[in-house]
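Report on one structure; see the data block that follows.
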Amino acid sequence: MTFFMIAILVLALGYTYMGSRLIVPAQLPAPWNYVAWSVIIALFFLVLVSVYLQMKRIDNPVTHLLMWITYVSMGFFSFLFTVIVIRDLLWVGGSFVARLLPGLDPAPEAVDTGRRIFLMRVMSAGILALVSTLTGIGIYEARKRPGIVNISVPLNNLPAAFEGFRIVQITDIHAGLTVARDFVATITEMVNELKPDLIAFTGDFADGSVSNLRNDVEPFGELKAPYGRFFVTGNHEYYSGVEQWVAEARRLGFTALMNEHRMIEKDGEHILLAGVTDVTGGHYAPSHRSNPTAALAGTSSNGTVKILMAHQPRSLYEASKLGIDFQLSGHTHGGQFFPWNFAATIGQPFISGLHLFEKTFIYVSKGTGYWGPPIRLGARSEITVHTLTRGTEG
C-alpha cells in the first residue's frame, strides 16, 4: 500500500509539473485554461481507475477502451514530460549564461509582455504538436508486424548435424490490455512461415490471468517446430499466477524448462538446451528461484554445446561461469522508447543485440510485443531467427 501511495504521489507531481510548465505560462483565457487543466486531471484519474479495474480483474469492452485511452495517454505524457524537462533545462542553462555575459540579460522593463505570452503559446502548441507526432509514430511502430531479425551464431564444437539449425525466438508478448488475439495470431503465422527447427519463448506471456486471457493466447497452440517448442518464465508470469501460466504454456504445446534441460538430438548428434526461471522468481515462490547450476545438473563438460534460455540478460553472469555457449534473453524491450531505454539498462549487461561476454554469446531480443503504452520508437519489435554455425576454435 505504501508503494502504491508513493506511486500515486509521484504521478500526481508529474502531471502537475507538466500543467504548470505548459498551461500557466501560456496564460490561456477562460474557459480554455480550465479546459486544459480538466483534461490533465481527468487523464490522471483515468490512470487510477484503470489500475483499480485491473486489480479487480474487470474485463469487458468498456474497460478495454479505457485501457487503450489510458496507456496511449501515458505514452503521450511520458514524451511530454521529457520534452518539457529538456526545454526547462535549456532555459535554465541559457539564463545562466545570459547573466554571466553583459548585455545579454534584458531588463524586465524591456520585455514586451504581450509578445512574451504569444511566444509561450506558440511554444506550447509546438511542444504539443511534436509530442502528438512522436506518439502517433510510436503507436504505428508498436502495432505493426514485428520485424524478422536474422542472427548467425558461431559456436565451437557444434555438431555437423546442427550446422544451419534454426532457433526462432519470441519473447515479451504481454498479451492483455492492448495486445489481443489478432496480434498473437499474426505472430504465430509469421513464426510458422519461417519453418523453424526449434522455437524458444523467453518469457512474459501475458499481463493478466489465464482465465481472462486464454482466448488471446490460444493461437500459440498452432506453432510448429519439429525439434520442439520451449518456454521459460519471465517476471510478468509471477504477477498473475505463475503456476497457471506454466500450465497454460504446457497446454499450448510448450515444454516449460524450470531450471532444467533437454538434449536435442539430430542425426545421432546432440546439443543441450537449458532453461531457468526468471531471476525474480524466488521472491514469489522459493521453488522458482533461478538456478542455472540445477538446469545443467547431470550433464558433463565433454564439449557438448550448451544453450540457455533465460528471460533476463543478467542471468549471463552466472551462466558464463558454467560454460554456457549461447544465452537467449529478452526482458529489456530494447528500451521500447525514450527515455525508458536508459532505465532498461539498469542491472543488465546488454539491452539488445548479439554480444560476446567472456566465452559466452548472448542475444537480447527487443521483444515481440510491448508493455504498457502501445508505443515503440527506435526499438522495433522482432521475431529472431538464430542460425547456428560451426565456429572456429580459439
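Values in this text are rule-based calculations from the coordinates and carry no lab data. Owing to the predicted nature of the structure, the values given are computational and were not obtained by experimental measurement. Please note: Cβ atoms are built from the backbone with ideal geometry, for glycine as well, and neighbour counts cover all protein chains shown.
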Revision key, fill the gap. For Val279, the residues 5 or more places away or on another chain with a placed amide H closer than 5 Å to its own amide H are Gln312
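Please report the net charge: other residues with Cβ closer than 12 Å to the Cβ of Met67, K and R +1, D and E -1. Kindly include the intermediate steps, with their values, before the conclusion.
Numbers: positive: none; negative: Asp59, Asp207.
Summing Lys/Arg as +1 and Asp/Glu as -1 gives -2.
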Review point. In terms of modelled amide H atoms, which long-range or inter-chain residues lie less than 5 Å from the amide H of Gly203?
Key: Asp172, Val232
Exercise for review: Calculate how many DSSP beta bridges within the chain are antiparallel, expressed in % of all such bridges and rounded to the nearest 5.
Suggested key: 35
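Let me check I've understood the local charge: for Ala160, count other residues with C-beta under 12 angstrom from its C-beta, Lys and Arg +1, Asp and Glu -1. What total comes out? Present the calculation step by step, with values, prior to reporting the outcome.
Details: positive: Lys266, Arg390; negative: Glu163, Asp267, Glu269.
Summing Lys and Arg as +1 and Asp and Glu as -1 gives -1.
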Study note, to complete from the structure: Along the stretch 249-264, Karplus-curve 3J(HN,Hα) (6.51, -1.76, 1.60; θ = phi - 60°) to the nearest Hz, with x for Gly and Pro, reads 4, 5, 4, 7, x, 7, 8, 7, 9, 9, 6, 8, 9, 9, 8, 9
Study note, to complete from the structure: Sorted by chain and then number, the residues having a modelled amide H within less than 5 Å of the amide H of Ala175, at least 5 places away or on another chain, are Ala206, Asp207
Review point. Among all the lysines, which ones have a C-alpha under 23 Å from Lys321's C-alpha, if same-chain residues fewer than 8 places away are not counted?
Key: Lys306, Lys359
Practice item. Starting from the Cα of Lys144, draw a straight line to each of the lysines and keep only those under 16 Å, dropping any in the same chain fewer than 8 residues away. Key: Lys366
Practice item. Show me 169-180, 83-94 ranked by packing, highest mean number of other Cβ atoms within 10 Å first. Key: 169-180, 83-94
Check your understanding: Per-residue HN-Hα couplings for the stretch 381-390, Karplus 6.51 cos²θ - 1.76 cosθ + 1.60 at θ = phi - 60°, whole Hz, x for Gly and Pro?
Key -> 5, 8, 10, 10, 9, 9, 9, 7, 10, 7
Study note, to complete from the structure: Of the candidates Thr188, Phe201, Phe165, the farthest towards the positive dipole end of the stretch 153-218 (Lys/Arg Cβ +1, Asp/Glu Cβ -1, centred on the Cα centre) is Phe165
Point to revise | Summed residue charge, Cβ within 11 Å of Arg251's Cβ, Lys/Arg positive, Asp/Glu negative | key: 0
Exercise for review: Tabulate in residue order the Karplus-calculated ³J(HN,Hα) for the stretch 213-223, using 6.51 cos²θ - 1.76 cosθ + 1.60 with θ = phi - 60°, rounded to whole Hz; enter x for Gly and Pro.
Suggested key: 10, 4, 5, 5, 8, 3, x, 5, x, 9, 5
Check your understanding: In terms of Cα to Cα distance under 16 Å, which lysines are near enough to Lys195, apart from those fewer than 8 places away along the same chain?
Key -> Lys224
